[in-house]
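Trainee: Sharing a structure here in structure tokens format.
Values quoted throughout were computed directly from the atomic coordinates according to the rules given, and no laboratory measurement underlies them. None of these values were measured; they are calculated from a predicted model. No Cβ is skipped: glycine too gets one built from the backbone with ideal geometry, and neighbour counts run over all protein chains shown.
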Amino acid sequence: GNSVTQMEGPVTLSEEAFLTINCTYTATGYPSLFWYVQYPGEGLQLLLKATKADDKGSNKGFEATYRKETTSFHLEKGSVQVSDSAVYFCARTNAGGTSYGKLTFGQGTILTVHP
Amino acid sequence: ETGVTQTPRHLVMGMTNKKSLKCEQHLGHNAMYWYKQSAKKPLELMFVYNFKEQTENNSVPSRFSPECPNSSHLFLHLHTLQPEDSALYLCASSQGRDPYQETQYFGPGTRLLVL
């Protein structure tokens, strides 16, 4: 099937700490992989994406590499800021079948960054 | 500004009311989506429209009725809802050409409370 598993939160860090949020996906087909971010009171925004193995998506200091061998797409940032506090969602596109346009999301990881 | 707007942003309704949620996208996309975001659950895809045709109904109860009059507008008509339907309802759009590669752009959501 098509599923995504994220590390459980919440994650609490101090400003300038290193961030990793783990994400793994089921190895069905050749999905595109995404990280979306949801700031308080807002909808989801695309943070970064990767469409094939070994691609690296990056944006606003965040990075994630599409690892086919480990079926992972972990999100990293070298130095977090208070403004990064949000909920982060890992997602994959479904591969094949009739589920047109269907994104499967992880459960979300709450990140809180303290000054 | 994501190019996808939703109204109203907040809605409180009784179980016997009829109300509608509206979504509009200004991105020239052809595919539009409704998602439900409940507390402590992954995002759930409800409906997908591509070129105004419904391509996915993810086993959604009939008290939710979508309407897509054109590629820019999507409605969700609500009738005799239950308290457990209280959630954030998110609209998204994408180009509609390549479902396994496309980025979906989300609106800010409508926060619905059913009393």
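Trainee: Give me the distance in nm between label points sitting 7 Å out from Cα along the Cα-to-Cβ direction at B:Asn17 and A:Thr70, one decimal.
Mentor: 4.9 nm
Trainee: Mind checking A:30-43 for the average number of partner chain beta-carbons within 10 Å of each residue's beta-carbon?
Mentor: Mean inter-chain Cβ contacts per residue within 10 Å come to 3.
Trainee: If you don't mind, another one. Considering only the other residues whose Cβ falls under 15 Å of the Cβ of A:Glu8, what net charge follows from Lys and Arg at +1 and Asp and Glu at -1?
Mentor: The answer is +2.
Trainee: What are the equivalent ellipsoid semi-axes of the protein assembly as shown, built from the alpha-carbon gyration tensor (square roots of five times its eigenvalues), in whole angstrom, biggest first?
Mentor: 29, 21, 15
Trainee: Hey, with R₀ at 30 Å, roughly what FRET efficiency would A:Lys60 and B:Gln82 work out to, going by the Cβ-Cβ distance, to 0.05?
Mentor: 0.15
Trainee: Shape call for region A:1-113 from the C-alpha gyration tensor, a ≥ b ≥ c root eigenvalues: rounded (a/c under 1.5), prolate (a/b greater than b/c) or oblate?
Mentor: Prolate shape, in that a/c is at least 1.5 and a/b is the bigger ratio.
Trainee: Counting other C-beta atoms within 10 Å, and keeping those with at most 12, which DSSP coil trypsin sites (Lys or Arg not before Pro) do you find in region A:1-59?
Mentor: When the trypsin sites (Lys or Arg not before Pro) of region A:1-59 are filtered for loop state and at most 12 Cβ neighbours within 10 Å, A:Lys52 remain.
Trainee: Same structure, new question: Past 30 Å, Cα to Cα: identify those pairs from B:Lys18/B:Lys52; A:Lys49/B:Lys19; A:Lys49/B:Lys18; A:Lys102/B:Lys22, in the order given.
Mentor: In this structure, A:Lys49/B:Lys19; A:Lys49/B:Lys18 lie more than 30 Å apart at Cα.
Trainee: Can you work out ³J(HN,Hα) from phi for every residue in region A:66-83, in order, using Karplus 6.51 cos²θ - 1.76 cosθ + 1.60 and θ = phi - 60°, giving whole Hz and x for Gly and Pro?
Mentor: Residue by residue, region A:66-83 yields 6, 10, 6, 5, 10, 6, 10, 8, 6, 8, 9, 8, x, 8, 7, 10, 4, 5 Hz.
Trainee: What does the structure give for A:3-13 when I average, per residue, the other chain Cβ atoms found within 10 Å of the residue Cβ?
Mentor: Rounded to a whole number, the mean comes out at 0.
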